[in-house]
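Data first, discussion second: the structure below is written as structure tokens.
The values are calculated or read from the model by the stated rules, or taken from the named source; none is laboratory data. Since this is a predicted model, take the numbers as computed values, not measurements. A quick note on method: Cβ atoms are made from the backbone with ideal geometry, for glycine too, and the neighbour counts reach across all protein chains shown.
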Amino acid sequence: MKAEKAVLRSRISAWRDGLAPEERRRPESLIVDLVEAWLESVGAGTLLAYVPIRSEVDIRPAVDRARRRGMTVAFPKVRPDGDLEAIPALRWEDLRAGAFGIPEPEGNPVEPARIDAVLVPGIAFDRLGRRLGYGKGYYDRFLRRVPGAAKAGVAFAGQWVDRLPADPHDVPVDYVITEEGIWDVRGGCFVKEDVEKR
């Protein structure tokens, strides 16, 4: 299974890295709008977002809109023990390079019970909500600590596959948001599709 994950990780990362700016622009705009709609639908008050790195979907416009609506937005910070904690930040400029060079906030963490929604990055997702990450397990460990939060994987449609290999410790998301719509894992259907596809 480890080898299978490694092959998928390499292939899908290469595809995403190869997207030209003009190929990303329209899908990212649709995803940002769908992320905003999803946050409203789950009634999120405190959000754990991610800082887009490499070629991940840029969710910053959706995060900015959430802040303007009064939502508390936190970002992951890697603790010395290797677990993630969620720390609020009011501005992107407040983030500083942390573990692996990824921008992280400083300050006091939010109690996991206060987090209503989590936007989860990944290399790939499947229809059962399983996620293929970078292989360190940070998000899997964190998601186990927020069982009551709504969890959405965010990716381009090309990162969405029928089935991913999964280990027992892998924690699935509840929704997968791509430019094609918001996939409800439990319902096995789209709850909001790209309006142009209707």
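The single residue among 100, 125, 156 that is out of contact with any strand residue (DSSP E or B) (no Cβ under 7 Å at 6 or more places or on another chain) and closer than 25 Å to residue 54 by Cα turns out to be 100.
When the test is whether a residue is out of contact with any Asp or Glu (no Cβ under 9 Å at 6 or more places or on another chain) and farther than 25 Å from residue 13 by Cα, residue 79 does not pass it. Residues in the range 52-101 that are loosely packed, with under 12 Cβ neighbours inside 10 Å, touching a helix residue (DSSP H, G or I) at 6+ places or on another chain (Cβ under 8 Å) and more than 25 Å from residue 24 (Cβ to Cβ) were compared, and the one that is modelled with the lowest pLDDT is 82.
When you look at residue 29, is it at pLDDT 95 or above, among the hydroxyl-bearing types (Ser, Thr, Tyr), within 14 Å of the chain's Cα centre (by Cα) and over 20 Å from residue 142 (Cα atoms), yes or no? It is false that residue 29 is at pLDDT 95 or above, among the hydroxyl-bearing types (Ser, Thr, Tyr), within 14 Å of the chain's Cα centre (by Cα) and over 20 Å from residue 142 (Cα atoms). Residues that are in a helix (DSSP H, G or I) and of a type in the set (Gly, Ala, Ser) were ranked within the range 21-76; the one that is nearest to residue 182 (Cα to Cα) is 37. Residue pairs whose Cβ atoms lie under 6 Å apart, sitting 6 or more positions apart in sequence or on different chains, and linking a residue in the range 176-192 that is touching a residue at least 60 places away in the same chain (Cβ under 8 Å) to a partner that is basic (Lys, Arg), are 181/192; 182/192.
When you look at residue 49, is it modelled with pLDDT under 95 and among the hydrophobic types (A, V, I, L, M, F, W, C), yes or no? Explain how you work it out, then say what you get.
Values: modelled with pLDDT under 95: no; among the hydrophobic types (A, V, I, L, M, F, W, C): yes.
Against the criterion (modelled with pLDDT under 95 and among the hydrophobic types (A, V, I, L, M, F, W, C)), residue 49 does not qualify.
Checked against the criterion of being within 14 Å of the chain's Cα centre (by Cα), assigned to a strand (DSSP E or B), under 23 Å from residue 17 (Cα atoms) and not hydroxyl-bearing (Ser, Thr, Tyr), the range 161-179 has at least one qualifying residue. Note on the range 79-91: residues that are closer than 13 Å to residue 51 by Cα and part of a strand (DSSP E or B) amount to 3.
If the condition is being outside any loop (DSSP other than H, G, I, E, B), closer than 17 Å to residue 75 by Cα and under 15 Å from the mean Cα position of the chain (by Cα), then the range 108-143 contributes 117, 118, 119, 120, 138, 139, 140, 141, 142, 143.
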